[in-house]
Structures are given as structure tokens and as C-alpha cells.
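These notes concern the structure reproduced below.
The values are calculated or read from the model by the stated rules, or taken from the named source; none is laboratory data. From a predicted model like this one, the values you see are computed outputs, not experimental measurements. Cβ placement follows ideal geometry from the backbone for every residue including glycine, while neighbour counts extend to all protein chains displayed.
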Amino acid sequence: MGGPTLKQLVGTRDLKVGHYIGEFATPGIGHILKNAGCDFVFFDMKHSGFSFETTKQAVRYFEAAGLPAMVRPPTKTYEQIARILDAGAEGVVLPMVKDVDECRHILNCMKYVPDGERGVALGIAHDNYTGGDVMDKLAAANRRSVMIALIETRDGVENADAMAAIDGVDCLWIGHFDLSCALGIPGEFGHPDFVAAVETVTEACRRHGKSLGRLVNDVDSGVTLFGHGFDFICYSGDVWALGAAVKAGVDGIRKGVAATRG
């Protein structure tokens, strides 16, 4: 695959900019995003209704374009975590991770022996259907897989430092809407409680040298957040970006036509 892997991306604090996909799992989506300059894609099963079959196909589209994919399953069960990795995703984004015990459970599901208890299947999608020495392949898979913990609860914030300290937790990701709701201030991202919670998570990542990510809906927010320590900036999502672009064009045409008639 051309370009850096997701594991290589989480190994630096350099800026990484990507895009959220929750609607359009089309064959060309990987190349469209790659040509747009994306470094990664956040592919969401939780809020999209995407099936495992659709996810597996989409992961191959991203792979063909050389675009690392992180996939969010609806839950943190072994069946969903291992299946996403078997389908070829480089990283798994886990919702509402609350504490060290959950992190260790997730890593146990993600990693092959001796690092975990993931059921072994080799020569399939995740290793490009290749053969090779079993122990070498297990070790390579363990090195490749990336664990991203969504911080969306009070417990997640309070335990952020302990979770960031764990070897194998590669990135903490602020789930801003759910976190604001958990704090009792839905959508109030400038509220002192929300700002303090984000700073707690930011400091945890800074202290332990881990990546920090968040979705943003505008350019200025992405620039500001990078300055505050976020290195994974997910810019908008397929539905919102398409809607905004089409609206801008439609409104522009109508405004221009109205001006010519004025």
C-alpha cells in the first residue's frame, strides 16, 4: 500500500487530516478522498447502518487508494472488533471507552497470541491473502493493528491518563457531542466543563506521547485544535460536505440569476 500506514501515522504528532464516511461506501470513495489530500478515513458502522459486508468492501476501496482506514463498530464486543480487523481495517475506533479494564479487554480482542486472544485466521483479507511463517504473520498483524479509544463519558475523561499510559492504546479521540451530553451540557462546546474535560484528555495524550483526534466541521476549528495538541483532525463527513457544496452552488446560481434580473 502506498503512503504511510495508520500505525506509522499514530507514531508521530505531525498533522493528519482525514474525512468521515457514514453514507457513501462507493467504489471510488477511497480514490476521491486520497486525491483530495486525505491522510486517513474514519469509517463509521455505528451511526450509518453499514453491514460487515459493506465495510469489508469499503476497506478494500480505501486500501486500493493507499488510504488508511479506521473503523468504528457499534459496540466493543469481541465479535465486532475481531471481525473488523479480519476484514482488513488497520484501526478500530471503540465507542465510549471508560477505563483501563475496557482498554485491556479491547486489546485482548485485537491482538493475536502472545499479546491477546484474537482468533487466528491467516491468508484472508487482513493479510492480503498471503502465506508465510505463522509466528511472523501473527507478530506482523499485532504490529499493524491500531487501537483508538473514543472519550465520550465522564469516566473516560477521569481515566484518560491511565488509559493513555497503556502500551497498545495508540490514540484517544474526543467524541465531542456524546461527551457534552455526558457532562449535562449538550452541544455547549465552549462551556468551562467541556473545555476542562478536553484539556484533561489533551494533557494525558501529551504526557504519554499518544495521538489525539477529533471531528471538526470547519477549517478554523481544525487549525485551532491542532495548535492545542490534536494531531488527527477529521474534517467533516460525506453527507455534510456534499450537502454544503451543493447548497453553495445552488444558492450561488440563484443569487447570480437574481442579480442579472435586478
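Some notes on this structure:
- Any hit, the stretch 196-216, residues being surrounded by fewer than 16 Cβ atoms within 10 Å (Cβ to Cβ), out of contact with any strand residue (DSSP E or B) (no Cβ under 6 Å at 6 or more places or on another chain), of a type in the set (A, V, I, L, M) and in contact (Cβ under 8 Å) with a residue 40 or more places away in the chain: no
- Among the residues of the stretch 127-146, some residue qualifies, meaning at least one is out of contact with any strand residue (DSSP E or B) (no Cβ under 7 Å at 6 or more places or on another chain), under 14 Å from LEU85 (Cα atoms), of a type outside the set (Ser, Thr, Tyr) and modelled with pLDDT under 95.
- Restricted to the stretch 174-210, and to residues there that are over 18 Å from the mean Cα position of the chain (by Cα) and among the basic types (Lys, Arg), the residue that is nearest to GLY222 (Cα to Cα) is ARG206.
- In this entry, LYS7 is excluded by the filter for residues that are touching a residue at least 12 places away in the same chain (Cβ under 8 Å) and either of a type in the set (Gly, Ala, Ser) or more than 26 Å from LYS111 (Cβ to Cβ) (or both).
- Here the stretch 141-157 is the region considered, the condition is being of a type in the set (Gly, Ala, Ser) and either over 17 Å from the mean Cα position of the chain (by Cα) or assigned to a helix (DSSP H, G or I) (or both), and the residue that is nearest to ASP101 (Cα to Cα) is GLY156.
- Test: residue in the stretch 239-255 that is out of contact with any helix residue (DSSP H, G or I) (no Cβ under 8 Å at 6 or more places or on another chain), among the acidic types (Asp, Glu) and surrounded by 15 or more Cβ atoms within 10 Å (Cβ to Cβ): no
- Qualifying residue in the stretch 109-116 (condition: within 24 Å of VAL17 (Cα to Cα) and either touching a strand residue (DSSP E or B) at 6+ places or on another chain (Cβ under 7 Å) or in a helix (DSSP H, G or I) (or both)): no
- Leading residue by the ranking (surrounded by the fewest Cβ atoms within 10 Å (Cβ to Cβ)) among those in the stretch 156-173 that are among the charged types (D, E, K, R) and over 22 Å from GLY222 (Cα atoms): ASP167
- Selection status of ALA87, surrounded by fewer than 22 Cβ atoms within 10 Å (Cβ to Cβ), within 23 Å of TYR20 (Cβ to Cβ) and at pLDDT below 95: no
- Scanning the stretch 113-138 for residues that are in contact (Cβ under 8 Å) with a residue 24 or more places away in the chain and hydrophobic (A, V, I, L, M, F, W, C) turns up VAL113, ALA121, ILE124, ALA125, LEU138.
- Candidate set from the stretch 121-140 (those that are assigned to a helix (DSSP H, G or I) and touching a Gly at 6+ places or on another chain (Cβ under 7 Å)); member that is nearest to VAL195 (Cα to Cα): HIS126
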